[in-house]
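The structure under discussion appears below in the form of structure tokens.
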Amino acid sequence: MAAVAMRLPVARKAVAPSGSRGEEKHLVAPGDTITTDTGYMRGHGTYVDEEKLIASVAGAVERVNKLVCVKALKTRYNGEVGDIVVGRITEVQQKRWKVETNSRLDSVLLLSSMNLPGGELRRRSAEDELAMRDYLQEGDLISAEVQSVFSDGAVSLHTRSLKYGKLGQGVLVQVSPSLVKRQKTHFHDLPCGASVILGNNGFIWIYPTTEQKDEEAGGFTTNLEPVPLSDREVISRLRNCIVALATQKMMLFDTSILYCYEASLSHQIKDILKPEVMEEIVLETRQRLLDLEG
């Protein structure tokens, strides 16, 4: 007979309210009136009807002086200059690569916007153009920075720093871009033995932490040596923790991921995605974050 897993209901723990969180977010649904004051300017996600400012998408209201806009809770990625993104090469074209970045349109990585192997600085020649597929080919994952945004919303990328470039062995997790918290750095070496790249576009890359940074290759060599079992288990646990946080609509940043990882250590990796275990570890993570805020 096959084994049957039985799960019994348990009482839900109450989360203590935070005293120092400031004002709560003003959430609206499509058709909700944001304000009747005519002094406000209309921003993204809003429209004016009968001198009332009304939401056209579901999300959180953001005010900058007199400008009111609604940031959608579930949306495709809208690029901003300076964002860190993780993307997948979909096409090799003349002097450029097309990159899938969870946006409405494919992003563009120009041949002139990347480091050459070895980091040498010179004009790109016809030989470089012919060797483009040797650098990056269809299916390769890269980390890059948004250099500019075109008028139609398409994004232009660059990988001119040695911390960007081709990604090697690891796991890709896709979440909603609205769940990734904007920070000064999106490259984190976690103390549990793995590293994460939190792409602003909702693509999160988890990979084993390397002992020495390989800066001579200019971001083109990938380490294909077998990853030890202990590192693979850490990466799998981190992946399940990120999926659990995203399912419970928690913001993703280095502290929340680390707290969730520590809360999950009492469970097996495969059990983390069970609904009651997921709720338990996310509640513990949320409580620790509230305690951290004071």
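Which whole-number percent is the relative contact order of the chain (Cα, under 8 Å, 6+ apart)?
15
So what are the ³J(HN,Hα) numbers for segment 127-134, from phi and the Karplus equation (6.51, -1.76, 1.60; θ = phi - 60°), rounded to whole Hz, Gly and Pro as x?
Karplus-based 3J(HN,Hα) across segment 127-134 equals 5, 5, 5, 5, 8, 4, 6, 6 Hz.
Tell me the label-point distance for the pair ALA29, LYS163, using the 7 Å Cα-to-Cβ offset, in nm and rounded to one decimal.
Simple spin-label model gives 4.2 nm for this pair.
Assigning unit charges at the beta carbon (Lys, Arg +1; Asp, Glu -1) and nothing else, what dipole magnitude in debye, to the nearest 20, does segment 27-72 show about its Cα centre?
The calculation lands at about 220 debye.
Tabulate in residue order the Karplus-calculated ³J(HN,Hα) for segment 273-285, using 6.51 cos²θ - 1.76 cosθ + 1.60 with θ = phi - 60°, rounded to whole Hz; enter x for Gly and Pro.
Each residue of segment 273-285 in turn: 8, 5, x, 6, 5, 4, 5, 5, 6, 6, 4, 5, 4 Hz.
Could you tell me the relative contact order of segment 27-72? Use alpha-carbon pairs under 8 Å, at least six residues apart, and round to a whole percent.
42
So what's the gap between the Cα centers of segment 271-294 and segment 139-171, to the nearest angstrom?
For segment 271-294 versus segment 139-171, the Cα centre distance is 32 Å.
With point charges of +1 on the Cβ of Lys and Arg and -1 on the Cβ of Asp and Glu, referenced to the Cα centre of the chain, which listed residue (SER195, ALA154, GLY82) lies farthest in the positive direction of the dipole?
ALA154
Using a 1.4 angstrom probe, figure out how much accessible area the chain has per residue, in square angstrom, rounded to the nearest whole.
That works out to 58 Å² for each residue.
Using helices alone, I'd like the mean residue ellipticity at 222 nm for the chain: each DSSP H run of four-plus residues gives -39500 (n - 2.57), total over residue count, nearest 500.
Calculated from helices alone, the mean residue ellipticity at 222 nm is -6000 deg cm²/dmol.
Hey, can you rank 2-9, 130-137 by average C-beta count inside 10 Å, highest first?
Descending mean neighbour count gives 130-137, 2-9.
Taking a ≥ b ≥ c as the square roots of the Cα gyration tensor eigenvalues, with a/c under 1.5 meaning rounded and otherwise prolate when a/b beats b/c, else oblate, which class fits segment 77-138?
Cα axes put segment 77-138 in the prolate bin.
Mind listing the phi-derived Karplus ³J(HN,Hα) values for segment 95-102, rounded to whole Hz, using 6.51, -1.76 and 1.60 with θ = phi - 60°, and x for any glycine or proline?
My calculation for segment 95-102 gives 6, 7, 10, 8, 10, 7, 10, 6 Hz in order.
Using amide H atoms built 1.01 Å from N in the peptide plane, name the residues 5+ places from ARG96, or on other chains, whose amide H lies under 5 Å from its own.
LEU111
Of the beta bridges DSSP finds with both residues in the chain, what % are antiparallel, to the nearest 5?
85
On full extension of the chain, what length is gained from SER112 through PHE150, given 0.36 nm per residue of separation minus the C-alpha to C-alpha distance?
This chain segment gains 12.0 nm when fully extended.
In terms of modelled amide H atoms, which long-range or inter-chain residues lie less than 5 Å from the amide H of VAL180?
Those qualifying (amide H under 5 Å, at least 5 residues apart or on another chain) are LEU252.
Return the subset of LYS95/LYS163; LYS71/LYS270; LYS98/LYS270; LYS98/LYS274 for which the Cα-Cα distance in this structure is over 31 Å, preserving the input order.
LYS71/LYS270; LYS98/LYS270; LYS98/LYS274
How large, in percent, is the carbon and sulfur part of the accessible surface of segment 27-72 at a probe radius of 1.4 Å?
The nonpolar share, carbon plus sulfur, comes to 49 percent.
On a full-extension model of 0.36 nm per residue, what is the gain between LEU73 and VAL92, subtracting their alpha-carbon distance, rounded to one decimal in nm?
Stretched fully, the LEU73-VAL92 segment lengthens by 3.6 nm.
Name the shape class, rounded, prolate or oblate, that the alpha-carbon gyration tensor gives for segment 45-101, where a ≥ b ≥ c are the square roots of its eigenvalues, rounded holds for a/c under 1.5, and otherwise prolate holds if a/b is larger than b/c and oblate otherwise.
Note, shape of segment 45-101 comes out prolate.
So how strong a dipole does the chain carry about its Cα centre when Lys and Arg Cβ are +1 and Asp and Glu Cβ are -1, to the nearest 20 debye?
420
Using R₀ = 22 Å, calculate the FRET efficiency as 1/(1 + (r/R₀)^6) where r is the Cβ-Cβ separation of TYR47 and GLU80; round to 0.05.
For R0 = 22 Å, the calculated efficiency reads 0.45.
Sorted by packing (mean other beta-carbon atoms within 10 Å per residue), highest first, where do 38-49, 186-197 land?
186-197, 38-49
Please give the peptides 223-229, 89-95 ranked by average Cβ packing (other Cβ atoms within 10 Å per residue), highest first, as a rough proxy for protection.
For the peptides 223-229, 89-95, the packing ranking is 89-95, 223-229.
The values are calculated or read from the model by the stated rules, or taken from the named source; none is laboratory data. The structure displayed is predicted, hence computed values, not measured ones. FYI the Cβ positions are ideal-geometry reconstructions off the backbone, even for glycines, and counts take in every protein chain you see. The accessibility values were calculated without ligands, DNA or RNA, using every heavy atom of the protein model including side chains. Shrake-Rupley method; radii C 1.70, N 1.55, O 1.52, S 1.80 Å.
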